[in-house]
Amino acid sequence: MHSIFSLLNKNSNANILLAGILAIIIGVGVARFAFTSLLPSMLEDYLTVTQAGVLASLNFVGYLSGALFSVSLKNIQKKVFYFRLGIVLSIVTSLILGTTQNEIMWIISRIFAGFGSAMILLVGASLVMLKLDLENKTKAMGIHFSGIGFAIVISELVSQEVLENNSWSDAWLVLSFMAFIFSFYIFHILSFDKETHKEALHKESTKSVFSLYVVLLILAYLTEGVGFVVQGTFLPEIVNSLEGLEGRGNLAWLIVGVAGIPSSILWMRLAHRFNSVDVIIFALSLQVIGILLPTLSSNIYINLLSAALYGSTFIGLVALFMNLAGQISKHNPVILMGSMTAAYGIGQVVAPLYSVALVAKYGDFHTTLYLTAFIVFIGVVLMLFTKSLKPA
């Protein structure tokens with residue numbers, strides 16, 4: 001039986017992955033997806049769909065600014081500092097949602113929560129990649145990104161448990177406290193001694209990383225930002241709005257997280273075995289089908305399948321694109337990862353806004369889902385083009 005001390009070993013690959021997953025639970029689960037879990041409750045007595053869409057969009061404005069900022073971080077100690085700042089911001093901004101209903105405070109907190117999420121997801125992934133002592137890190141990064149699935153499941157289960165007898169404000173407070181507890185372990189494990197990793201500090205790539213292949217990759221990832229965010233913001237509401245499925249939205253959202261946990265590991269295995277581009281094309285195509293399913297039927301099983309397809313593709317695609325970026329850019333993955341995430345972020349900012357406009361005009365989510373599926377299909381076409389080009 002492992003002693004408690006082995007869990008505190010900063011250089012154990014298992015502990016590094018555990019700390020990385022716990023960080024994602026804070027940055028993606030608490031600071032981002034708890035909003036989706038709690039949205040049906042908040043819509044009942046506080047928010048309108050339009051406000052929710054605007055807040056989601058602002059969250060991604062923060063995320064986008066974090067992605068752009070992360071590109072400038074070269075020094076390892078600076079990365080650690082901003083990664084930790086991201087965790088603090090995630091906790092504080094969630095506390096704000098639980099303690100005030102001041103609209104300005106909510107707007108500010110969603111922007112800063114987005115910035116915090118980017119620090120945790122992007123800078124955190126590069127810290128985990130640097131710390132892992134493995135020859136091939138593809139499969140290990142698949143495990144790291146499975147944290148996104150855990151983030152959805154844990155934030156959803158905690159939220160629903162609190163909502164049984166308490167308000168959504170209480171749920172935000174409980175989630176903040178959970179994040180606070182996790183942060184101690186994360187700060188301990190994902191730190192670097194001053195002396196180590198000197199060689200990792202300044203490995204600059206002299207040639208430009210932005211070949212035509214990379215530009216197509218970035219544009220394809222932008223379409224995936226759109227594909228991710230519509231269901232990522234409104235999925236419980238989409239399901240609740242279908243005839244006969246009122247109240248089933250949170251079950252669908254739980255399925256998203258459960259499908260997501262093994263997905264990044266499985267997709268990364270496929271990428272390891274076949275090639276990343278083919279696997280990305282397959283995953284994007286599955287996502288298009290998943291997005292269209294709620295428009296075809298209000299059958300509960302069809303809609304749970306839609307949720308499962310969404311959960312298993314969007315998390316896998318983050319892992320697949322990020323890993324491909326890491327492979328192409330070798331020693332300085334943050335520049336390409338940051339550029340790609342910025343593109344993904346643009347998709348995330350635009351999509352909730354057109355969703356809200358189309359729902360207001362047509363009274364349901366169908367047109368939004370058609371447009372979203374079409375945009376993701378463009379991503380499939382862009383990835384097919386990359387097959388005729390050299391990676392970098």
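The values are calculated or read from the model by the stated rules, or taken from the named source; none is laboratory data. Small disclaimer: the values here were computed from a predicted structure and weren't measured. Ideal geometry is used to build each Cβ from the backbone, glycine not excepted, and the neighbour counts take in all protein chains shown. These area figures cover heavy atoms from the full protein model, side chains too; ligands, DNA and RNA do not enter into them. Shrake-Rupley method; radii C 1.70, N 1.55, O 1.52, S 1.80 Å.
Before moving on, here are some points about what is shown:
- Each residue of region 237-356 gets 106 Å³ once the volume of the Cα convex hull is shared out per residue.
- Note on log10 I(q)/I(0) by the Debye sum over Cα atoms at q = 0.09, 0.10 Å⁻¹: of the candidates (i) -0.70, -0.78; (ii) -0.61, -0.71; (iii) -0.47, -0.59, the value calculated from this structure sits at (iii).
- Our coupling estimate for region 159-165, obtained by passing each phi through the Karplus curve with A = 6.51, B = -1.76, C = 1.60 and θ = phi - 60°, is 4, 5, 4, 5, 5, 3, 10 Hz, Gly and Pro reported as x.
- 14 Å beta-carbon shell around Val162, net charge (K/R +1, D/E -1): -4
- Inter-centroid distance (Cα atoms) of region 144-193 relative to region 317-373, Å: 24 Å
- Two-site FRET efficiency, Asn166 against Asn11, from Cβ-Cβ distance with R₀ of 45 Å, rounded to 0.05: 0.65
- Per residue, the accessible area of the chain comes to 40 Å², computed with a 1.4 Å probe over protein heavy atoms only.
- Sorted largest first, extent of region 3-128 alpha carbons per principal axis (Å): 47, 36, 18
- Across the accessible surface of region 67-161, with the other protein chains kept in place and a 1.4 Å probe, carbon and sulfur atoms take up 67 percent.
- Portion, in percent, of the accessible area of region 258-365 that falls on carbon or sulfur, probe 1.4 Å: 69 percent
- Region 68-132 and region 247-268: distance between their alpha carbon centers, rounded to Å: 24 Å
- Cleavage-rule hits (trypsin sites (Lys or Arg not before Pro)) in region 265-349: DSSP loop, at most 14 neighbouring Cβ within 10 angstrom: Lys330
- Computed with every protein chain present, the accessible area of Asp364 is close to 60 Å² [probe 1.4 Å].
- The chain, relative contact order [Cα under 8 Å, separation at least 6], %: 26 percent
- Seen from Val174, the other residues with C-beta closer than 15 Å to its C-beta sum to a net charge of -4, counting Lys and Arg as +1 and Asp and Glu as -1.
- Note on region 313-392: semi-axes of the ellipsoid equivalent to its C-alpha gyration tensor, largest first and rounded to whole Å, are 30, 15, 10.
- Highest average packing first - 238-248, 316-326, 22-32, Cβ atoms within 10 Å: 22-32, 316-326, 238-248
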